[in-house]
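Below is one structure; the comments refer to it alone.
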């Protein structure tokens, strides 16, 4: 009989299941970043990872993000590192983490006597955290226990016809199995909004989805970002809606049950759109400063695994949740095999189909959930970024009844 | 859902074509084809009249003027004129239902 200690999952107090058991070292202002890195670097063979918020001025989005990330199912405990004079509300974050049943301690650099004592004390604290985290109850992990996010970055002309449709196929299969799937970026979905609204669980949600795309369109227009360029039609794309289908293909064909904003947890299984575009007047510049910003936001929505499609060849992984690279372009796959988990470019030759690559992705999701490391994870990629944003609460039609 | 259809996906792939969704009325070209070349599509001969590179579309069947063209089961525009099987579908015969596509020169210089 198998002992429960060998089961791959970690059962958390809120009922969610982790597929990793990470100890986070979280800096609460950029001034505490170096000490946090020094503490984590003492544990090269353990799952100890650094995240944090660089800002000194408070931001409720950043507070919600760090709270959601520090209580993410893949996280077993958190060491908070504060400089001391920043305005981040470290007490409430620490309370939220402990209330979730996790180990947490806080070190205030100015309170313990500076950098060197912080690192010494931090290493001792993380050792306590690792010991606590190893006591987490173990559990089976089914596909229905998973929240999976989809992101694309470094796209090229192959992304929309190989990797993204294959991820869409995988999303359809995962949703059939009871999983929760998240796709993103309404700014790349211009022209698909009425089709998307037709897939919404209710007319009210449909209107919310359309409003989200319109908001993104206005935001990017004001930021001076064009949406359809001559390079697009030289590559064979005829209309803006056709270009958007490349990104939209990641969503598959399941009904859309809800709309999320960063750090909002899905209430039921099914397919969700996440809206990373800030509400209100434009502040703080371009909202999605790099692919990692959106990946982190989907993880804050509970994603334990990220499917990342790339044509030109992105190499990023992520803190907290493993990233599966689905490479759209066969030439890129041949050039960067060490970074790519799935060769969706094989769809362009005669030896694979969207369905066969989609099945391969689902199989890999199951293996990664059972502990297999992705390429980026094994190489130590733990990218993380978090900036300033502001959001209004979701409307009443956005989340399905739990 | 993109899936296998009655059309042989592998035969299409050998011809350098993908049918992204069984309900689509266009194929996507996956390799360069030159003018005058003859492509065997599951035994059918397609004589290429316009040079095409990967990512371009050709009609799967006859499309009427005013008919919606779908790719991955999503509308991508309306046919401006009748389009015949294997004919190139692009700016000359397809219009957005959303916003007009900018020609080069109409585009703000700061756009990528």
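The values are calculated or read from the model by the stated rules, or taken from the named source; none is laboratory data. Everything numeric here is computed off the predicted structure, so don't read it as measured data. For neighbour counting, all protein chains shown are included, and Cβ atoms are generated from backbone atoms with ideal geometry for every residue, glycine included.
Checking each residue in region A:93-119 for being without any contact (Cβ under 8 Å) to a residue 24 or more places away in the chain and either outside any loop (DSSP other than H, G, I, E, B) or within 18 Å of residue A:263 (Cα to Cα) (or both) picks out A:94, A:95, A:98, A:99, A:112, A:116, A:117. All of (1) exposed (fewer than 15 other Cβ atoms within 10 Å of the Cβ); (2) in contact (Cβ under 8 Å) with a residue 12 or more places away in the chain; (3) within 12 Å of another protein chain (Cβ to nearest Cβ) hold for residue B:10 with one exception: (2). Taking the criterion of being in a helix (DSSP H, G or I) and either out of contact with any helix residue (DSSP H, G or I) (no Cβ under 7 Å at 6 or more places or on another chain) or more than 8 Å from chain B (Cβ to nearest Cβ) (or both), the residues of region A:241-254 that qualify are A:241, A:242, A:243, A:244, A:245, A:246, A:247, A:248, A:250, A:251. Just to be sure before I move on: is residue A:167 buried (at least 24 other Cβ atoms within 10 Å of the Cβ) and either over 20 Å from residue A:322 (Cβ atoms) or touching a helix residue (DSSP H, G or I) at 6+ places or on another chain (Cβ under 8 Å) (or both) in the structure I sent? Yes: the conditions hold for residue A:167.
Scan region A:172-230 for residues that are surrounded by 16 or more Cβ atoms within 10 Å (Cβ to Cβ), within 13 Å of chain B (Cβ to nearest Cβ) and in a loop (DSSP other than H, G, I, E, B) and the total you get is 8. Evaluating residue A:98 against the criteria (1) surrounded by 17 or more Cβ atoms within 10 Å (Cβ to Cβ); (2) under 26 Å from the mean Cα position of the chain (by Cα); (3) modelled with pLDDT of 95 or more leaves one unmet condition, (1).
Out of curiosity, is residue A:238 part of a loop (DSSP other than H, G, I, E, B), free of Cβ contacts under 8 Å to residues at least 12 places away in the same chain and either under 23 Å from the mean Cα position of the chain (by Cα) or facing another protein chain (nearest Cβ under 10 Å) (or both)? Yes; evaluated as a whole, the condition is true for this residue. Scanning region A:135-162 for residues that are within 12 Å of another protein chain (Cβ to nearest Cβ) and surrounded by 24 or more Cβ atoms within 10 Å (Cβ to Cβ) gives A:158, A:159, A:160, A:161, A:162. When the test is whether a residue is at pLDDT 95 or above and over 30 Å from residue A:25 (Cβ atoms), residue A:357 passes it. Counting only residues that are buried (at least 18 other Cβ atoms within 10 Å of the Cβ) and assigned to a loop (DSSP other than H, G, I, E, B), region A:56-77 holds 5 of them.
May I ask you to list the residues in region A:196-206 that are more than 25 Å from the chain's Cα centre (by Cα) and touching a residue at least 12 places away in the same chain (Cβ under 8 Å)? Answer for region A:196-206, where residues must be more than 25 Å from the chain's Cα centre (by Cα) and touching a residue at least 12 places away in the same chain (Cβ under 8 Å): A:202, A:204.
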